[in-house]
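Data first, discussion second: the structure below is written as structure tokens.
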Amino acid sequence: MNKMLKTTVYLIFISLSLASQLTAQEIVYANVDTIIQLMPEYKKAQEAIEDYHRNWKTPDYLILKTEELTDFYKRIAKKEREGKLSYKEFLK
């Protein structure tokens, strides 16, 4: 009988503890877009994207990138002809 009383008291204690934990939970809604827009990193990243987009459309930028890629291709082709093309050299 004593063991049954202890078990009952223990179960009641556990039930009350769990019930108090469950009622302590609250539901919170957060507008993530607003939070992100308030972050300074977001503003910097957005400005960088806008600058890149603005520059990408200019003919001068396209000519510059075309020249850079042509030069890169010529360097790779030269190293390949010389037999000096390795992974580390490719990245230089």
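The values are calculated or read from the model by the stated rules, or taken from the named source; none is laboratory data. Note that this is a predicted model, so its numbers are computed, not measured. Here Cβ is always computed from backbone atoms with ideal geometry, including for glycine, and neighbour counts include all displayed protein chains. Side chains included, ligands, DNA and RNA excluded: accessible areas come from the protein's heavy atoms. Shrake-Rupley method; radii C 1.70, N 1.55, O 1.52, S 1.80 Å.
Among residues of segment 47-64 that are part of a helix (DSSP H, G or I), those with a beta-carbon under 8 Å from a residue that is aromatic (Phe, Trp, Tyr) at least six positions away or on a different chain give the pairs 55/61; 62/56. When residues of segment 1-27 are filtered for being modelled with pLDDT of 75 or more and outside any helix (DSSP H, G or I), how many remain? Qualifying residue count for the region: 0. Within segment 28-46, the set of residues being in a loop (DSSP other than H, G, I, E, B), among the small types (Gly, Ala, Ser) and within 16 Å of the chain's Cα centre (by Cα) is empty. Checked against (1) at pLDDT below 85; (2) open to solvent by less than 80 Å² (accessible area, probe 1.4 Å); (3) assigned to a helix (DSSP H, G or I), residue 72 passes all but condition (1).
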